[in-house]
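The values are calculated or read from the model by the stated rules, or taken from the named source; none is laboratory data. This one's a predicted model, so the numbers in the text were calculated from it and none came from an experiment. All Cβ positions, even for glycine, are placed from backbone atoms using ideal geometry, and neighbour counts span all protein chains on display. Calculation scope for accessible area: heavy atoms of the full protein, side chains included, ligands and nucleic acids excluded. Shrake-Rupley method; radii C 1.70, N 1.55, O 1.52, S 1.80 Å.
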Amino acid sequence: MALPGVAPIRIPDEFTVWAASDVHGQLAAVDRLLATAGLTDGKDGWVAPPGTALVVTGDVVDRGPDSVGLVRRLVSLRAQAPARDGLVALLEGNHEVQVLGGLGGEPTIFRALMTFGGGATLLAAGLSPDEWNGRPPGEIAARVDALAPDLRPALGSFAPYARWGDVLFVHAGPVPDLELDAFEAGAERLWIREAFFASADPFPDADAWMPYRAAGIGRVVFGHTPVAEPTFSHGGRALNLDTWRGQHVTLARLEPGRDLREAQFSSERVAPRAIADAPISAEKIREIDAEMPAVVKAWWRSLSASGEPAVEP
């Protein structure tokens, strides 16, 4: 999860927000989207009007052709935006955690990394398959750090979530019956699926969502579960932007004081995956989704107890 001291991000209420999720190494597509939106010069220059925020709700890495280039692009834009009265909020997703925990040597997290397209991130860092196939995580991590020393520290700087007025931006969704401090400290927010967006308990009015309602959260923008096109749930109070099922990445423009259903969307086709996911059943994916939050929390507790950072900042 995020390095200690990486706090949630607060976006000024009056900002216009552009949001994306699960962009998975698609540097060329993201460059085109940001340029068309007037946020960048098409490459590495932030040119957005003052009062503009870009939020990426996690899963910048893995699967696509240039995870390292995309991380570097977004981190550079994050550094530039404040000088133009802007903000770039980069949030962690389960794939960022899988890179950090997997290369950190946690066996279950490492298996998830290599099952779900993590080889694409290693490839983008400059490794060849014979440098990771059958090799231990520590050896792979040393090679990644030698070739792309900025990668793991950058991923560790991604925030747990962001707030904009009553809107929560988070990777997978809020977790029912969980106080906000536990929500931030835990990993369920990176893996939850139907228990949020398909819940029979309407968000945020049902008792299960009381902690979020009490904190002033009434709407959610998220990703993690692939859909063909931007998809609303909870009566328009939740918006899923993970459009990988439709083979494109999506950028949503959200205006202050407007309903999420008034969002304007643009999209770009994705390039082929650099590394395919390992063959896996839907049932096995559900099992992994269920076990990973506890595994990640145990890994993080072990690091905290030993005083060892996930990566050197």
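Being at pLDDT 95 or above, of a type in the set (D, E, K, R) and open to solvent by less than 10 Å² (accessible area, probe 1.4 Å) is true for just one of Asp66, Asp41, Asp85, Asp59. Which residue is that?
Of Asp66, Asp41, Asp85, Asp59, the one residue that is at pLDDT 95 or above, of a type in the set (D, E, K, R) and open to solvent by less than 10 Å² (accessible area, probe 1.4 Å) is Asp59.
Report, by residue number, each residue of the range 206-224 that is open to solvent by less than 20 Å² (accessible area, probe 1.4 Å) and either under 24 Å from Asp59 (Cβ atoms) or in a helix (DSSP H, G or I) (or both).
The answer is Ala208, Trp209, Pro211, Tyr212, Ile217, Val220, Val221, Phe222, Gly223, His224.
Starting from residues that are among the hydrophobic types (A, V, I, L, M, F, W, C) and more than 14 Å from Val55 (Cα to Cα), keep the ones in the range 11-34 and report whichever is surrounded by the fewest Cβ atoms within 10 Å (Cβ to Cβ).
Checking each candidate, the answer is Ala28.
Would you mention how many residues in the range 125-136 are in contact with an Asp or Glu (Cβ under 9 Å, 6 or more places away or on another chain) and open to solvent by 30 Å² or more (accessible area, probe 1.4 Å)?
Counting residues in the range 125-136 that are in contact with an Asp or Glu (Cβ under 9 Å, 6 or more places away or on another chain) and open to solvent by 30 Å² or more (accessible area, probe 1.4 Å) gives 1.
What number of residues within the range 225-263 satisfy the criterion of being in a strand (DSSP E or B), touching a helix residue (DSSP H, G or I) at 6+ places or on another chain (Cβ under 6 Å) and among the β-branched types (Val, Ile, Thr)?
Residues flagged as in a strand (DSSP E or B), touching a helix residue (DSSP H, G or I) at 6+ places or on another chain (Cβ under 6 Å) and among the β-branched types (Val, Ile, Thr) within the range 225-263 amount to 1.
Hey, does the range 196-205 have a residue that's part of a helix (DSSP H, G or I) and either modelled with pLDDT of 95 or more or open to solvent by less than 40 Å² (accessible area, probe 1.4 Å) (or both)?
Yes, the range 196-205 contains at least one residue that is part of a helix (DSSP H, G or I) and either modelled with pLDDT of 95 or more or open to solvent by less than 40 Å² (accessible area, probe 1.4 Å) (or both).
Yes/no matrix, rows are residues, columns are (1) among the hydrophobic types (A, V, I, L, M, F, W, C); (2) modelled with pLDDT of 95 or more:
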position: Phe222; (1), (2): yes, yes
position: Phe232; (1), (2): yes, yes
position: Gln247; (1), (2): no, yes
position: Leu254; (1), (2): yes, yes
position: Ser267; (1), (2): no, yes
position: Ala276; (1), (2): yes, no
position: Ala282; (1), (2): yes, no
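Say we look at the range 277-305 and pick out the residues that are over 19 Å from the mean Cα position of the chain (by Cα) and within 25 Å of Leu123 (Cβ to Cβ); which of these is most open to solvent (accessible area, probe 1.4 Å)?
Checking each candidate, the answer is Pro279.
Out of all the residues in the range 173-187, which are touching a Lys or Arg at 6+ places or on another chain (Cβ under 9 Å), open to solvent by 10 Å² or more (accessible area, probe 1.4 Å) and part of a helix (DSSP H, G or I)?
Passing the criteria: only Ala185.
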